[in-house]
Structure formats: C-alpha cells, structure tokens
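Visitor: First, the structure itself, so that you have it in front of you.
The values are calculated or read from the model by the stated rules, or taken from the named source; none is laboratory data. A quick note: this is a predicted structure, and the numbers were derived from the prediction, not measured. For neighbour counting, all protein chains shown are included, and Cβ atoms are generated from backbone atoms with ideal geometry for every residue, glycine included.
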Amino acid sequence: MSRKILVMCPTERELRSLPPLAEKLGVELDFDTVTGGGFVKDFGFGKRLNVPEIIEAKVAQYKNSSGDGSSIDGVVASVGFPGMTAITAEIARRLHLPGPDPAVILRCDHKYYCRRAQEEYVPDAVASYRLFNPSSDTVSDSNLRYPFFMKPVKSILSYGAHRIDNREQFEQALATTSMPEGFLEPIKWLIKEFTEFEEETDQFILEELLTGMQVSLEGFVFEGEVTVMAIVEAVLIPGTLSFIRWHYPARVPEEIHQKMTDVARDFMTGVGFDNAPFNMELMYNPQTGSVSIIEVNTKLANQFCDLIEKVDGYNPFTVMMQVAIGDKPEIRRGEGPYNVATSCVFRVFEDMKALSVPSKKDIDAVTSRFPDSIIEVLAVPGKYLSEQFQDTESYRYALANIGASSYDEIEERFAEIKQMLPFIMERRADKASGDSAILDSAEVELDLFGSGISG
C-alpha cells in the first residue's frame, strides 16, 4: 500500500515537479485546493485564508476514526507565503506525523526574533540590527547610522526591502512601503496562538549593510541531524538589490563552504528546528573572511531544486517528501548530467503591462533545443508586472533554469533562449502626453541591459 503526502499551498512548480518524483518514491500526493493557487500574483490571498478553519478541516479530514492516527503519512509545503510552513507543521503535529514545532518555525520566520536567536546560537554570524516601529518610533538622525538595510519583519521575494543612505530615503521608504492589506493575517494568528512574542509583524528591521558574495544554503534536518545539500551563489545587478542569476555550485573556497555549514548546523540545532528542509541566505565577505546570516527560511528555496538535480543527480523535493514521511534521505554530489546550472531571471526596471507572453509551442521549442531547461513565465497577459510581488527596484517576468558545462556556456544558451521567447510589453502612458510604448522581447531586454549592466 503506497503512502500518502498532503501538499499544502501547491504552486505551479510543485504541481509540475512533485508527481514524477513521488511516483519514484511510491508515494501518493494529495494537493490541497483551498490553499493552492498563485499567491505571488494575488495580494489578497492571505486575507481570504481562515487559518484555524484550515487546520481544523485538514485534521478532521485525515484523522483516523480511532482518533490516534492519520490516513496520511506526511504533510509538506515549500512556499514563502507567511505562515504556511507553520500551518503545515501544526497539521502534522496534531496528526502525529514528522515535522517541526510551529513555535520554532515562527521564531525563524519573524526576522526580529530570528536575529535574537542568532545572537544566542551563532553570535559571530549576526549583523547589527534594531527594530523600528513606524507607528511609534521617530525618524531621527541621532539614533540611525547610514547606510543601512531596511526590510519588513515578514515579507516575500524581497518585497519592501530598501538600502537606505540618508534620512530622505528612509522617510520615503517608510511612506511608500506597506504590505498588502491582509497579507500578514495568517502569520499574525499563528504568532498569537503559538508564541508569546510581544513584537508585531507590522514593523521593520534596520540592519547593518552587509557586503560581499551572497549565497543561498539549502539544507534539511532529520531527527536532529543537519545536512547541507547545496550552496547556491546569487548574482545581483550591480548597484541594486535585484537578483539576475543564481549559480550552482557557488564559487566559494572550501573553508568558507565549511564555515557556512557550521553556521547552519549550529543555528538550526540551537533553535530546535527538526524534521524539515530549510534555506539560509548568507553573506560571505572575502576581505574579512566573515560569514553572516541575512535571513532564515523554514522551507526549500524551490527555485533551485532542479539546479541541484542538474548537477548532483537528485532533487531536493524528494528530500522534502522523504523527511515528511520519516525516511532518512541520502544525497549525492556531482552525479547529474551538467557541471553547472543557473536560474536566469528576466527583469526590467520599469513597470510594464504584458500584452502577450510566449506560448506553450514557444516554450516547447526551447526545451527541445535545450533539453532539461525549465522556463517559467511569470508575467500575466493584460496585467502590469507590479500586480504581483516584486522587489523594490525591478520587475521579474520570467525565469529560465539552464544546465551546461560552464557558466560561459550558460550565458550563450540564455542569449539564444531570450530570442526564442516572444514577450510583448507596453509601457505605462506618459503622464504629460498620454502616450504609451509597445516593446518586443529585444527592446524589453534593452531596458535592463542597455545601460551597460551585464548578467
């Protein structure tokens, strides 16, 4: 008899990726339709979720008639939607299934309390920080040291993050940055229910400006043992907070790889996180040799799952499912078909309306030309790019995950892929003339790369 896993808040990526992996494991999947959907493109998603009702309904649905067991064997979620991993953990706890403590998840998810935990368990890896409450604190140059980094206590995809160089920028950021109405409601309820936190999520963290190479460390904890699966290198557009590439494997010295592994192990063990995957964003400063935590996420960074599969020959989604049903995963190194893999981001610095996007035929032509490549179109025809979660400086509209023998070959392949994928975008009308401009794929890319910026 096959085992069954409940997948909470399934995304298009999971709906595509999980079934073939589950089949190899001999696992049946049940995708939850209540929490499923494109929450990244739907600002009101959180407002419509009733967290206690969802938890009660799922527990009632899967609890055995005897009340002391479950008709499923595991519960998973791999999205950054505020509170979803804690919801998943509570369902697992009440059904006596493997999973982390919801309170531990919330301690990691709340950036202020996560920083406090880092001070306790990995003090050498913590940036200086302070909490700022816009409803009670005042903007005063006397208690702020510029430049610094500002971000909401809870967010998604760098939404609301800013580099602040002076008081004017800080005041403008405070005036223009707010989470969409209802977005934080799920995590607010969870924090009230499972923690004794005094600080609300409607605040900001002001942090020391970290410099160097940013990476994403992918790992999991199984029965108290921390395993690092991969370290992925982030490439930002110079002078911005916008990611343009994610390279795997990261080009860091072996001793720094070990230092990052030690930070991840000491923190996740110290905070008590167990039986689930995690992601830790880190900054390595080559000049000082320091490794600092940017943030901790209680989930996979699922954008990178197939990058790891391309290089190492296994998929972290499989690890996520194995841990959820109590099976110890075994990872591999260097057994994939490619030496390197990259997630390439299509971006512009101007909000535009997508008039048309590549068809399935267009995408199939790319995957036929470059087998194992994965194309994700994020833009929605008829909608502006700003009508989904974006960072504060630019707008994503597609992703291309590519494997190759070298990073130079990645760039060659990506250049060809861009030419094969027709995007038609319309600029917002000029306020003075009322005129708009329609751009094809090449012109859209010039908006990003014409200034001399390169990937």
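Visitor: From the list 80, 67, 74, 99, pick out the single residue that is at pLDDT below 90 and either buried (at least 18 other Cβ atoms within 10 Å of the Cβ) or under 25 Å from residue 284 (Cβ atoms) (or both).
Guide: Values: 67 fails: either buried (at least 18 other Cβ atoms within 10 Å of the Cβ) or under 25 Å from residue 284 (Cβ atoms) (or both); 74 fails: at pLDDT below 90; 99 fails: at pLDDT below 90.
Residue meeting the stated conditions: 80.
Visitor: When the residues of segment 102-131 are narrowed to those that are outside any helix (DSSP H, G or I) and not charged (D, E, K, R), which ends up surrounded by the fewest Cβ atoms within 10 Å (Cβ to Cβ)? Before the answer, list the steps.
Guide: Of the residues in segment 102-131, the ones outside any helix (DSSP H, G or I) are 110, 122, 126-131.
From what is left, the residues that are not charged (D, E, K, R) are 110, 122, 126-129, 131.
Values: 110: 24, 122: 21, 126: 20, 127: 18, 128: 11, 129: 18, 131: 16.
The qualifying residue surrounded by the fewest Cβ atoms within 10 Å (Cβ to Cβ) is 128.
Visitor: Then there is this: Give the residue, chosen from 204, 148, 222, 183, that is in contact (Cβ under 8 Å) with a residue 12 or more places away in the chain, among the aromatic types (Phe, Trp, Tyr), over 16 Å from residue 111 (Cβ atoms) and crowded, with 18+ Cβ neighbours inside 10 Å.
Guide: Details: 204 fails: over 16 Å from residue 111 (Cβ atoms); 148 fails: over 16 Å from residue 111 (Cβ atoms); 183 fails: over 16 Å from residue 111 (Cβ atoms).
When all the criteria are applied, what remains is 222.
Visitor: Does residue 22 satisfy the condition of being modelled with pLDDT of 95 or more, touching a strand residue (DSSP E or B) at 6+ places or on another chain (Cβ under 9 Å) and in a helix (DSSP H, G or I)? Even if it seems obvious, please write down each step before you answer.
Guide: Values: modelled with pLDDT of 95 or more: yes; touching a strand residue (DSSP E or B) at 6+ places or on another chain (Cβ under 9 Å): yes; in a helix (DSSP H, G or I): yes.
Criteria met by residue 22.
Visitor: Looking at segment 248-277 only, could you name the residues that are touching a Leu at 6+ places or on another chain (Cβ under 8 Å) and closer than 19 Å to residue 109 by Cα?
Guide: Within segment 248-277, 263, 264, 277 qualify.
Visitor: Continuing with this model, one more query. From (1) within 18 Å of the chain's Cα centre (by Cα); (2) closer than 24 Å to residue 149 by Cβ; (3) not small (Gly, Ala, Ser), pick out the condition that doesn't hold for residue 302.
Guide: So the condition that residue 302 fails would be (2).
Visitor: In the list 287, 322, 303, which residue meets the criterion of being among the polar types (S, T, N, Q) and either at pLDDT 95 or above or under 17 Å from residue 222 (Cα atoms) (or both)? Steps first, answer last, please.
Guide: Numbers: 287 fails: either at pLDDT 95 or above or under 17 Å from residue 222 (Cα atoms) (or both); 303 fails: either at pLDDT 95 or above or under 17 Å from residue 222 (Cα atoms) (or both).
Only one candidate passes the filter, namely 322.
Visitor: Follow-up. Of all the residues that make up segment 212-256, how many are over 22 Å from residue 301 (Cα atoms) and either part of a loop (DSSP other than H, G, I, E, B) or within 15 Å of the chain's Cα centre (by Cα) (or both)?
Guide: Taking segment 212-256 first, the residues over 22 Å from residue 301 (Cα atoms) are 238-239, 253-255.
After this cut, where a residue has to be either part of a loop (DSSP other than H, G, I, E, B) or within 15 Å of the chain's Cα centre (by Cα) (or both) as well, the list is 238-239, 253.
Residues flagged as over 22 Å from residue 301 (Cα atoms) and either part of a loop (DSSP other than H, G, I, E, B) or within 15 Å of the chain's Cα centre (by Cα) (or both) within segment 212-256 amount to 3.
Visitor: If only one of 198, 193, 168, 181 is modelled with pLDDT of 85 or more, over 30 Å from residue 251 (Cβ atoms) and assigned to a loop (DSSP other than H, G, I, E, B), which one is it?
Guide: Working: 193 fails: assigned to a loop (DSSP other than H, G, I, E, B); 168 fails: assigned to a loop (DSSP other than H, G, I, E, B); 181 fails: modelled with pLDDT of 85 or more.
None of the others qualify; the one that does is 198.
Visitor: Within segment 345-374, how many residues turn out to be closer than 20 Å to residue 402 by Cβ and among the acidic types (Asp, Glu)?
Guide: Going through segment 345-374 one residue at a time, the tally reaches 3.
Visitor: Being in contact with a Pro (Cβ under 6 Å, 6 or more places away or on another chain) and hydrophobic (A, V, I, L, M, F, W, C) is the filter; apply it to segment 31-64 and report the residue that is modelled with the highest pLDDT. Before the answer, list the steps.
Guide: As a first pass, look at segment 31-64 and keep what is in contact with a Pro (Cβ under 6 Å, 6 or more places away or on another chain): 31, 36, 43, 46, 49, 51.
Filter once more, so that each one left must be hydrophobic (A, V, I, L, M, F, W, C): 31, 43, 49, 51.
On the way: 31: 95, 43: 63, 49: 82, 51: 91.
Filtering segment 31-64 for residues that are in contact with a Pro (Cβ under 6 Å, 6 or more places away or on another chain) and hydrophobic (A, V, I, L, M, F, W, C), the one modelled with the highest pLDDT comes out as 31.
Visitor: Of the residues 282, 236, which single one is of a type in the set (A, V, I, L, M) and touching a Phe, Trp or Tyr at 6+ places or on another chain (Cβ under 7 Å)? Before you say what the answer is, go through the steps one by one.
Guide: Numbers: 282 fails: touching a Phe, Trp or Tyr at 6+ places or on another chain (Cβ under 7 Å).
Exactly one residue qualifies, and that residue is 236.
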